[in-house]
Amino acid sequence: MNSTLSKYLHDMGRKLRLDQQTRQEVLREVRTHLDDLVQELQQRGLSPEAAWREAVRILGKPEELANGLYAAHSRASLAQTGMATAPHLLFAFLFAMHLWAATSTLILFLIATVVISMLVWRKGLPDWGYPWVGYCLVAPAAAWLLVFSEVGQATFHLVSSGSPGIPVLLYLLGSVYVLVALVLAWRFLRIVVRRDWLFASLMVFPFPVLTSWLVYLNKNGGALSYDSGRASLIDGATALVFLGLALTTAVVYRVGQRFTKVALLSVALPLMTVLAATTHLGSVWSVGVFLLLLFSLAIVAVPAYLQNQVADGDSTTVQP
C-alpha cells in the first residue's frame, strides 16, 4: 500500500469510532475513492507519488473526514435506540410503581438483564447493548462498594486503634477482594473503551443515581424497612431521574455529531446525579452530593482519558 495512503487511513481510522465492521467498510470505501482519484490525476499527467499527495489534499484532513463519516454512520435506528433505552425505562417503571420492594419482581428483572447482557456480549456487543451490560454490573458494583466501605472503616480503626475491629482474616479477604475486583473492572473498562469511550460512559451511566439511592436506602433501615408512604415521593422522583437517563440515552444514540453527544453526556449526567443525590441525601451542599458529582464527572472523564492510552490496532488497518 502506498505510504501516503497508509498514513492517511491510519490517521483517519484512529478517529473513526465506529464498530469494527462498519469502520472497515468505510475505510475500504475511502481507499477505493482515493484509488479512483489517483488514477484520474495520473491521466492528467501527475506522477504516481504526486497524484497520491494531491488526492489526499483534495479529500481533506483525515480528522475532518472522520468526523463527517462518523456523523453519517453513527446514528442508531429507532429500534436500536429503543433497545438502548429499555433498561432505563424498566427501572423507571420499577420505581414509579414501587415494584423494587417486591423481591420476586426485582429478581426477575435482574435475571432478564443478565440474560440479555450475555446474549449481546456473545453477539459482539452491539451499540445498543452497552446500557444492558451496565445494569448487569449493578449488583457486583454494589457488592464491591459495600465491601470497600467495610474495609475502609476497618482500615481507619486499624490505623487509629491498632485493631481493624473485625476478624483479621475477614479484613484480609475483604482487602484482597476489593483489589482484585478493581483490577478486573479496570481491565474490562479498557476492553470497552477500545470501541468508543462514549459507550463505556453510557454503560455506567446509571451508577451515580443508583449509588445515591442505595445510600438513602441504607440510611433508612434498608429494603426491609420500606415505608410506602414516605418512599412514594422518593420513588416518584427517582423514576423521573431514570426517565431523564432514558431520554439522554435516546438523544445520544440518535444524533450524529460527536460534539453534541459528548456535550449532552457531560451536562446531563452531573445534572441528574445532583437531582437524584439531593432527593436521596437532602441538602445540595452535603458532602455526599459533592462526592457523587465527582463520580459522575469521572464517568465521562476517565473513559475519555483511558481511550487515549489504549492502542487500537483494528482502526489503523484496512482489511481486504
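Annotations for the structure displayed:
- Test result for residue 141, modelled with pLDDT of 85 or more and aliphatic (A, V, I, L, M): no
- Considering 228, 201, the condition of being in the same structural domain as residue 90 (by TED's automatic domain parsing) and modelled with pLDDT under 80 is satisfied by 228 alone.
- The requirement of being surrounded by 12 or more Cβ atoms within 10 Å (Cβ to Cβ), outside any helix (DSSP H, G or I), of a type outside the set (A, V, I, L, M, F, W, C) and touching a residue at least 60 places away in the same chain (Cβ under 8 Å) is fulfilled nowhere in region 28-38; no residue meets it.
- Residue check: residue 100 meets all listed conditions (1) closer than 21 Å to residue 243 by Cα; (2) not assigned by TED's automatic domain parsing to the domain that holds residue 208 but one, namely (2).
- Restricted to region 143-168, and to residues there that are touching a Ser or Thr at 6+ places or on another chain (Cβ under 8 Å) and hydrophobic (A, V, I, L, M, F, W, C), the residue that is surrounded by the most Cβ atoms within 10 Å (Cβ to Cβ) is 151.
- None of 62, 87, 48 is touching a His at 6+ places or on another chain (Cβ under 9 Å) and either more than 30 Å from residue 139 (Cα to Cα) or not hydrophobic (A, V, I, L, M, F, W, C) (or both) except 62.
- Looking across region 155-168, just one residue is part of a helix (DSSP H, G or I) and either at pLDDT 85 or above or on the phi > 0 side of the Ramachandran plot (or both), and that is 155.
- Beta carbons closer than 6 Å, at least 6 apart along the sequence or on distinct chains, never pair a first residue in region 181-210 that is under 17 Å from residue 264 (Cβ atoms) with a second that is exposed (fewer than 15 other Cβ atoms within 10 Å of the Cβ).
- Residues within region 267-293 that are modelled with pLDDT under 90 and surrounded by fewer than 18 Cβ atoms within 10 Å (Cβ to Cβ), tallied: 8
- Across region 74-113, the qualifying residues are those that are among the polar types (S, T, N, Q) and not in a helix (DSSP H, G or I), and the one among them that is nearest to the chain's Cα centre (by Cα) is 74.
- Residue within region 234-256 that is at pLDDT 85 or above and not in a helix (DSSP H, G or I) present: yes
Residues are listed down the side, and each one gets a yes or a no for (1) touching a residue at least 60 places away in the same chain (Cβ under 8 Å); (2) surrounded by 14 or more Cβ atoms within 10 Å (Cβ to Cβ); (3) on the phi < 0 side of the Ramachandran plot:
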position: 24; (1), (2), (3): yes, yes, yes
position: 55; (1), (2), (3): no, yes, yes
position: 64; (1), (2), (3): no, no, yes
position: 71; (1), (2), (3): yes, yes, yes
position: 80; (1), (2), (3): yes, yes, yes
position: 86; (1), (2), (3): no, yes, yes
position: 92; (1), (2), (3): yes, yes, yes
position: 98; (1), (2), (3): yes, yes, no
position: 112; (1), (2), (3): no, yes, yes
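- Scan of region 273-299 for residues that are in contact with a Pro (Cβ under 8 Å, 6 or more places away or on another chain) and not hydroxyl-bearing (Ser, Thr, Tyr), ordered by number: 276, 277, 292, 293, 295, 297, 299
The values are calculated or read from the model by the stated rules, or taken from the named source; none is laboratory data. This one's a predicted model, so the numbers in the text were calculated from it and none came from an experiment. Please note: Cβ atoms are built from the backbone with ideal geometry, for glycine as well, and neighbour counts cover all protein chains shown.
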